[in-house]
1. For the chain, what does the relative contact order come out to in percent, with C-alpha contacts under 8 Å and a separation of six or more?
2. Rolling a 1.4 Å sphere over the protein heavy atoms, what is the accessible area per residue of the chain, to the nearest Å²?
3. Where Rh denotes the Kirkwood radius from the mean inverse Cα pair distance, what is Rg over Rh for segment 215-338?
4. Run the accessible area of the chain with a 1.4 Å probe and give the carbon-and-sulfur part as a rounded percent.
5. Protein chains only, probe 1.4 Å: how do Ile277, Ile306 rank by accessible area, largest first?
6. Going from the alpha-carbon gyration tensor of the chain, what semi-axes, largest first and in whole Å, does one get by taking the root of 5 times each eigenvalue?
7. Per DSSP H run of at least 4 residues, take -39500 (n - 2.57); add these up for the chain, divide by its residues and hand me the 222 nm value, nearest 500 deg cm²/dmol.
8. Please list, in chain and number order, the residues 5+ apart from Gly280 or on another chain whose amide H is under 5 Å from its amide H, with Hs placed from the backbone.
Amino acid sequence: MKDTRIDRRLFLRGLGAVAATSALAACGSGTSRSSGSGGTSSKTLVVRNSGGAYGDANMKAVLEPFMKETGIEIKVINPNYAQMLAQIKQGRPQFDLIDNSMIDFVKFAKEDATQQIDYDRLKSAKNADIAKNLLTPTAVGKNYWGSVMAYRTDAFGGKKPSSWADFWDTRALPGNRSLQHLDADIPELEFALLADGVPLDKLYPLDLDRAFRKLDEIKGSVKKYWDTGALPGVLLGRREVDVSTVWHGRLNDLIKQGQPLAYVFQGARRQSNGWAIPKGAANLDAAYQLIDYSLRPDVQARFAEIYPMAPVVPAAYKDMKDEVSATLLGSPKNLDTGFDADVEWWVANDDAVTKRWQEWARV
């Protein structure tokens, strides 16, 4: 499964390539495009997403039904952040709509690369009880994903970890741990703070000194820092570790196959993917139509049925099987057990945290 999450290695390498833009036209749509007059239509709505299983699920659950309903043709492309930013800065984006993480949209906004959202054009967002932090001036959240704890159910003599305090308690629950590497996504500092007793609603701004002191306590039990979404499942499946952080949904297939694995939703860190419209988009009307369509409860539910990302529209859970809803981080049952990552804080403090983590990891 190709992830929608930030690939920090690709992102950091890509930043250095932003200036080298002459070859980026290869990411073009191959269709008739306007010269960047935001509201002008073109033959095809070009949508950027990350591809892989996520892209396949979007095509099946959202894009194909949208094309059938509206008659609008969609082409999907997969440029990375740096490529998209370079095209927008040149004034020639070869895409009309961006499907990406909300944390990247904060970065796009700081670069003045995305348009202000006209919420009057999004009927599905009105009175839909979408969380306010997902309705930003330049981006609209559409699906929750997140990081949780996972463990082997045959470990710890039958005891079941149920909190980040348990994850850190290597005396009561001895065994190997795994944490996420900086290369995979933003560090898991919130989990250290929750293990140290910080309440969910008091996490931000993060106390870095306190978080790293708590990380010191568990460092000797961390056998591996995983840097790809598949690795926690491999480590748990091989019994190389007994408990690990993991992107929710990554173990679903293994659990269905009968492997003794389980998730813990308590203290989950939620993030979201969403939509943004680049400045210079050629097919503005169709872009708004797709955003609006994707926020319909039935469409949100249909996507969640085939891909483990949660709807942001509460009404979608009424159209969903209970066994599916129970496994999603945004469901009424699970929403209060976790917290939303403060993406503004993370973007503002990314450099400082990265330096601190690298220094800590070398010791």
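1. Dividing the mean separation by the residue count of the chain yields 26 percent.
2. Here the residues of the chain average 43 Å² of exposed surface.
3. Values: Rg = 17.9 Å, Rh = 16.9 Å.
Rounded to two decimals, Rg/Rh equals 1.06.
4. That share works out to 48 percent.
5. I get Ile306, Ile277, largest accessible area first.
6. For the chain, the semi-axes come out at 36, 23, 18 Å.
7. The helix contribution divided over the chain gives -9500 deg cm²/dmol.
8. Gly38
The values are calculated or read from the model by the stated rules, or taken from the named source; none is laboratory data. All of these numbers come straight from a predicted model, not from anything done at the bench. Note that we place each Cβ from the backbone using ideal geometry, even for glycine, and neighbour counts take in every protein chain shown. Calculation scope for accessible area: heavy atoms of the full protein, side chains included, ligands and nucleic acids excluded. Shrake-Rupley method; radii C 1.70, N 1.55, O 1.52, S 1.80 Å.
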